[in-house]
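Enquirer: Got a structure for you, questions after.
The values are calculated or read from the model by the stated rules, or taken from the named source; none is laboratory data. Quick caveat, the model's predicted, so the values are computed rather than measured. Here Cβ is always computed from backbone atoms with ideal geometry, including for glycine, and neighbour counts include all displayed protein chains.
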Amino acid sequence: MCRPARLTGRAREAFPEPDKTMNSTARTLGAATVTALVAACATFPPAGTPLAPGQEAFWTAIRVHCGRAYEGRVAVSTGSAGDTAMAGKRLVMHVRECSANEIRIPFHVGDDRSRTWVLTRTPTGIRLKHDHRHEDGTPDAITQYGGDTRGPGSATSQSFPADAHTVSLNPVYGTNVWTMEIEPDRFVYELIRVGTDRRFRVEFDLTRAVPAPPAPWGS
């Protein structure tokens, strides 16, 4: 929510209170400035942007785990040799940061701390993005891919078809659909590439928290 700042000290001297004798032109310019500021604020969702009931329950179910970390395993992996990099590695998700409109969940693969799942509330639902970083914190060439929900989903499952930015990174990603599922004992992250055999699914045990891992790269 946008709020006007209270001016004090030198800031008040630099921007004094308007003179009651100010002319009509000054008043008009002041009103125009306020209108522009209000319009700018309106482009950002307010804190706690309302969601459909199922999405709200899904969001809450994840948020109650904020601060906790859980270990997982690859349940399904087909259609990509790249997934073999996870073989034998410890997989840990960490619900690390939770604000009114954003949840950040680093996904650690062994010592690789490059991946973070970012869930954001939007005026039309929930958005999933993948924030990929190098060890020095700089963004990877392939980052910020994902998509927005296109329906209400449910309290236990939300799907995110690939958005335009994802397609611009690689047209092959155009049929990607990511799904997250949450139940009392399990969290699931899944990727399916519609029309192909590409599928990747990781399941995390929510019944047993593990020590929080180090911060993800770039945090």
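Here is a yes/no grid of residues against (1) within 20 Å of TRP178 (Cα to Cα); (2) of a type in the set (A, V, I, L, M); (3) modelled with pLDDT of 95 or more:
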site	(1), (2), (3)
VAL92	yes, yes, yes
ALA100	no, yes, no
PHE107	yes, no, yes
LEU119	yes, yes, yes
GLY125	yes, no, yes
ASP131	yes, no, yes
HIS134	no, no, yes
PRO139	no, no, yes
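Enquirer: Would you be able to tell me the number of residues in segment 126-142 that are over 12 Å from the mean Cα position of the chain (by Cα) and in contact (Cβ under 8 Å) with a residue 60 or more places away in the chain?
Expert: 7
Enquirer: Are any residues in segment 77-87 under 17 Å from PHE107 (Cα atoms) and in a strand (DSSP E or B), and if so, which ones?
Expert: Here is the first cut: in segment 77-87, the ones under 17 Å from PHE107 (Cα atoms) are 77, 82-87.
Answer for segment 77-87, where residues must be under 17 Å from PHE107 (Cα atoms) and in a strand (DSSP E or B): just SER77.
Enquirer: Let me ask something else. For segment 162-214, enumerate the residues that are closer than 28 Å to GLY67 by Cα, small (Gly, Ala, Ser) and not in a loop (DSSP other than H, G, I, E, B).
Expert: Answer for segment 162-214, where residues must be closer than 28 Å to GLY67 by Cα, small (Gly, Ala, Ser) and not in a loop (DSSP other than H, G, I, E, B): just ALA209.
Enquirer: Take the residues in segment 122-161 that are touching a His at 6+ places or on another chain (Cβ under 6 Å) and not in a loop (DSSP other than H, G, I, E, B), then tell me which one is surrounded by the fewest Cβ atoms within 10 Å (Cβ to Cβ).
Expert: If we take residues in segment 122-161 being touching a His at 6+ places or on another chain (Cβ under 6 Å) and not in a loop (DSSP other than H, G, I, E, B), then TYR145 is surrounded by the fewest Cβ atoms within 10 Å (Cβ to Cβ).
Enquirer: Cβ contacts < 6 Å: first residue closer than 23 Å to ILE62 by Cα, restricted to segment 157-185; second residue of a type in the set (Asp, Glu) and buried (at least 16 other Cβ atoms within 10 Å of the Cβ), any location; separation 6+ or different chain. Result?
Expert: Hits for this filter: SER157/GLU181; THR179/GLU190.
Enquirer: Output yes when any residue across segment 194-211 is small (Gly, Ala, Ser), in contact with a helix residue (DSSP H, G or I) (Cβ under 9 Å, 6 or more places away or on another chain), on the phi < 0 side of the Ramachandran plot and without any contact (Cβ under 8 Å) to a residue 40 or more places away in the chain, and no when none is.
Expert: In the first step, residues of segment 194-211 are kept if they are small (Gly, Ala, Ser); the result is 195, 209.
The next check asks that each one be in contact with a helix residue (DSSP H, G or I) (Cβ under 9 Å, 6 or more places away or on another chain); those that pass are 195.
Restricting the remaining residues to those that are on the phi < 0 side of the Ramachandran plot gives none.
No, segment 194-211 has no match at all.
Enquirer: Condition check: under 12 Å from the mean Cα position of the chain (by Cα) and assigned to a loop (DSSP other than H, G, I, E, B). Does ALA100 satisfy that? Let's see the steps before the verdict.
Expert: Working: under 12 Å from the mean Cα position of the chain (by Cα): yes; assigned to a loop (DSSP other than H, G, I, E, B): yes.
When the stated conditions are applied, ALA100 passes them.
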